[in-house]
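Beneath this line is the structure, given in structure tokens, with notes to follow.
The values are calculated or read from the model by the stated rules, or taken from the named source; none is laboratory data. Worth saying up front: this structure is predicted, and the values here are computed from it rather than measured. Using ideal geometry, Cβ is built from the backbone for each residue, glycine included, and neighbour counts are taken over all protein chains shown. Side chains are part of the model used for accessible areas, which takes the heavy atoms of the whole protein and leaves out ligands, DNA and RNA. Shrake-Rupley method; radii C 1.70, N 1.55, O 1.52, S 1.80 Å.
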Amino acid sequence: LFQALGRSYTDEEFDELCFEFGLELDEITSEKDIISKEKGEEKAKGASDVVLYKIDVPANRYDLLCLEGLVRGLQVFKERINLPRFEKIIPAEGEGQRLIITEQTAQIRPHAVAAVLRNITFTKDRYDSFIDLQEKLHQNICRKRALVAIGTHDLDTITGPFTFTAKAPSEIKFKPLNQSQEYTASQIMDLYRTDSHLRHYLHLIENKPRYPVIYDSNGVVLSMPPIINGDHTKISLNTRNVFIECTGTDITKAKIVLDIIVTMFSEYCEKPFTVEAVEVVCPNGKTHIYPELAYRTEKVKPEYINKKVGISETPSSLAKLLTRMCLKSHVTGNGNHIEVEIPPTRADIIHACDIVEDAAIAYGYNNIQMVIPKTYTIANQLPLNKLAELLRLDLAAAGFTEALTFALCSQEDIADKLGMDISATNAVRIANPKTAEFQVARTTLLPGLLKTIAANRKMPLPLKLFEISDIVVKDPNTDVGARNYRHLCAIYYNKSPGFEIIHGLLDRVMQVLEVPPNEENGYTIKAAEGTAFFPGRCAEVFAKGQSIGKLGVVHPDVITKFELTMPCSVLEINIEPFV
């Protein structure tokens, strides 16, 4: 890194440089440190002590995902070099490479783009960076190869034109990368089912009747995207000409990926920053020339940038700031506009605000003066939260301890253990729960408190707990299909049920809410039944003309299911009507 930057930095200086450029030096570590953190000291013995920088790059900046791009960005930013101009060379008629797409691909991976890097010189570091960039792009913009898969090949081992088609798995046979024998596509799938790296991509084509495959004119398999390249076209340090193909389901992303790879590594070509174009023939007979390497210009008003960022720079200094961010700019039309050239490396510039953001980064976030906003507003607490805060204090004053439990729980917690059917709870389910503990959003606070008591059985009795939090139920009338309610739940756990203590707590809550104990405009309780409650020991609470919850003695079956041994009584009400 320092060699490429042309000078060395202390860790502090480099951290500062990254921050100025809008990046974050996340961690200074080494292979040894990483292994010892993940697997323990023993495994780390003999690992390299070489310092590694972990740099946090924003997800939209694909051009900073390798050393070449990062260094180029920093050098332009520091005005040590000018931004290189990328050039595509279109070979003479009949001399260039062609990639022919057949209609069989339409059902599975319809798009392909390609390019050639001529007379490139690899070293070990450049080669590693080249492979590493492909891997990072695969994980990022390619969405784990679902949208785009990249293949890079030694052009001198194959002869064009190339054909991108799709065949039945049994008809495809080749020697996969770094393997010693040929396999059919079906065998390759079985081979990589246990491979820690490749098994994650098998599902992309596994159940399809045909698998995508790229051949050269002699029937040599280049690759079977998105799984593996052929061993025949493997790139080595001696490779001079590289054929790059990107196949995918999203043509825009495929073009971006191809542009990024060729712009990053064309600097190692004999004629730096030149790329040889490839003609791609679509099934309908149309031909396209790739890579696009498109430069485009956008116009931005200087006052727009100044206003959005909160600075007052002259148009020419704004143009200079943008040029430092690899967006070559100059002032036009009496200084009313800045004309910005967007290079092919910057697919993230979609809207004027992206240009404004880069101007702000180059100006330096720390250099923007802080000012008091012109709009005069007074912040206020959300009334529901204010009520909850006040009630928490009063419940604590009544001798109850506050608990804070998970908003997600298992289906058993809110249904089976409380003697209810899951369909009756109206609960919101998690589509792909990671653990059995977090399958649904809670529809009542009771299970959380019962689990808290179960975890604190060693504590001296009585245990008095409460929680004021949201519960979630399905509601087809809202835009998100669910609704939250703020509930108050309190529990008393002792050798005797202590129904009178929980009833007393309800009276105290109503007293602090100034709700009188009468039917007209106050609160009442009426005998009721609940599956979680002891028969004849359950009451429904009515206030403001509606049912707001229940209180009562918990059913022994429920107590046993939560691994408890003593009786307990509980109150759970919705506090939203009192806001």
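Computed FRET efficiency, Cβ-Cβ of Glu24 and Thr287, R0 35 Å: what is it to the nearest 0.05? Don't skip to the end; give the middle numbers.
On the way: r = 44 Å, r/R0 = 1.26.
It comes to 0.20.
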Normalised by the number of residues in the stretch 296-365, what is the relative contact order in percent for Cα pairs under 8 Å and 6+ residues apart? 37
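Figure the gain on full extension for Lys54 and Glu339 (residue separation times 0.36 nm, minus the Cα-Cα span) and round it to one decimal in nm. Numbers along the way, then the final one.
Working: separation 285, 0.36 × 285 = 102.60 nm, distance 3.50 nm.
Additional length available on full extension: 99.1 nm.
Stretched out fully, how many nm does the piece from Asp348 to Asp132 gain, at 0.36 nm a residue minus the Cα gap? Each step should come with its number before you reach the end.
Values: separation 216, 0.36 × 216 = 77.76 nm, distance 2.08 nm.
Difference between extended and current length: 75.7 nm.
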Return the whole-Å distance between the Cα centroid of the stretch 124-157 and the Cα centroid of the stretch 37-61. 21
Between 0 and 90 degrees, rounded to the nearest ten: what's the tilt of helix 499-512 against the longest Cα principal axis of the chain? 70
Rounding to the nearest 20 debye, state how big the charge dipole of the stretch 2-78 is about its Cα centre with +1 on each Lys and Arg Cβ and -1 on each Asp and Glu Cβ. 340
Relative contact order [Cα under 8 Å, 6+ residues apart], the chain, whole percent: 11
For Asp416, put the label point 7 Å out on the Cα→Cβ axis and report which residues of the stretch 549-579 keep their amide N under 17 Å from it. 557-564
For the Cα atoms of the chain, what angle does the longest principal axis make with the long axis of helix 67-77, in degrees from 0 to 90, nearest 10? 90
Estimated distance in nm for a label pair at Ala146 and Glu182, the labels positioned 7 Å out from Cα along Cα-to-Cβ: 3.5
Test of understanding: what is the full-extension gain from Asp479 to Glu87, defined as 0.36 nm times their sequence separation minus their Cα-Cα distance? 136.1 nm
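Trypsin sites (Lys or Arg not before Pro), restricted to the stretch 1-95: which are DSSP loop and have at most 12 other Cβ atoms within 10 Å?
On the way: sites: Arg7, Lys32, Lys37, Lys39, Lys43, Lys45, Lys54, Arg61, Arg72, Lys78, Arg80, Arg85, Lys88; in loops: Arg7, Lys45, Arg61, Lys78, Arg80, Arg85.
Counting only loop positions with at most 12 other Cβ atoms within 10 Å, the trypsin sites (Lys or Arg not before Pro) in the stretch 1-95 are Arg7, Lys45, Arg80, Arg85.
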Does anyone have the angle between helix 124-139 and the longest principal axis of the chain? Alpha-carbon axes, 0 to 90°, nearest 10? 40
Taking the highest mean first, how do the peptides 547-553, 405-411 order by number of other beta carbon atoms within 10 angstrom per residue? 547-553, 405-411
Taking a point 7 angstrom from the Cα of Ala455 along the C-beta vector, which residues in the stretch 368-405 have backbone N less than 11 Å away? 403-405
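Using Stokes-Einstein with the Kirkwood hydrodynamic radius over Cα pairs, what translational diffusion coefficient do you get for the stretch 173-255 at 10 °C and a viscosity of 1.306 mPa s, in µm²/s rounded to a whole number? It would help to have the intermediate numbers written out before the result.
Details: Rh = 13.9 Å.
Rounded to a whole number, D works out at 114 µm²/s.
If packing is taken as the average number of other Cβ atoms within 10 Å across a peptide's residues, how do 143-149, 450-456 rank, most packed first? Write out the running numbers ahead of the final one.
On the way: 143-149: 20.6, 450-456: 17.4.
Listed from highest to lowest mean packing, they are 143-149, 450-456.
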Among (i) 3, 13, 17, 15, 15, 15, 13, 7, 2, 0; (ii) 3, 11, 14, 15, 12, 10, 8, 7, 5, 4, 4, 3, 2, 1, 1, 0, 0, 0; (iii) 3, 14, 20, 20, 15, 12, 9, 5, 2, 1, 0, 0, find the value of P(r) over Cα pairs in 10 Å bins from 0, in percent that was calculated from the structure presented, and write down its label. (i)
Relative contact order of the stretch 46-183, pairs being alpha-carbon contacts under 8 Å that are 6 or more residues apart, as %: 28
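Measuring with a 1.4 Å probe in the full set of protein chains, what accessible area per residue, in whole Å², belongs to the chain?
Values: 29860 Å² over 579 residues.
I get 52 Å² per residue for this part.
If I take R0 = 30 Å and measure r between the Cβ atoms of Asn385 and Arg199 in this structure, what FRET efficiency does the formula 1/(1 + (r/R0)^6) give, to the nearest 0.05? Let's see the in-between values first.
Details: r = 47 Å, r/R0 = 1.56.
Here the calculated transfer efficiency is 0.05.
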Using a basic spin-label model with each label point 7 Å from the Cα along Cα→Cβ, how many nm lie between Leu17 and Asp156? 3.5
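Take the Cβ-Cβ distance between Thr121 and Thr377 as r, set R0 to 51 Å, and report the resulting FRET efficiency rounded to the nearest 0.05.
On the way: r = 61 Å, r/R0 = 1.19.
According to the calculation, E is roughly 0.25.
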Counting only protein heavy atoms and a 1.4 Å probe, tell me what percentage of the chain's accessible area is made up of carbon and sulfur. 51
Ordering 90-100, 267-277 by per-residue average of other C-beta atoms within 10 angstrom, highest first, gives 267-277, 90-100
Heavy atoms only, probe 1.4 angstrom, no DNA, RNA or ligands counted: give me Arg346, Arg508, Arg126 ranked by accessible area, highest first. Arg508, Arg126, Arg346
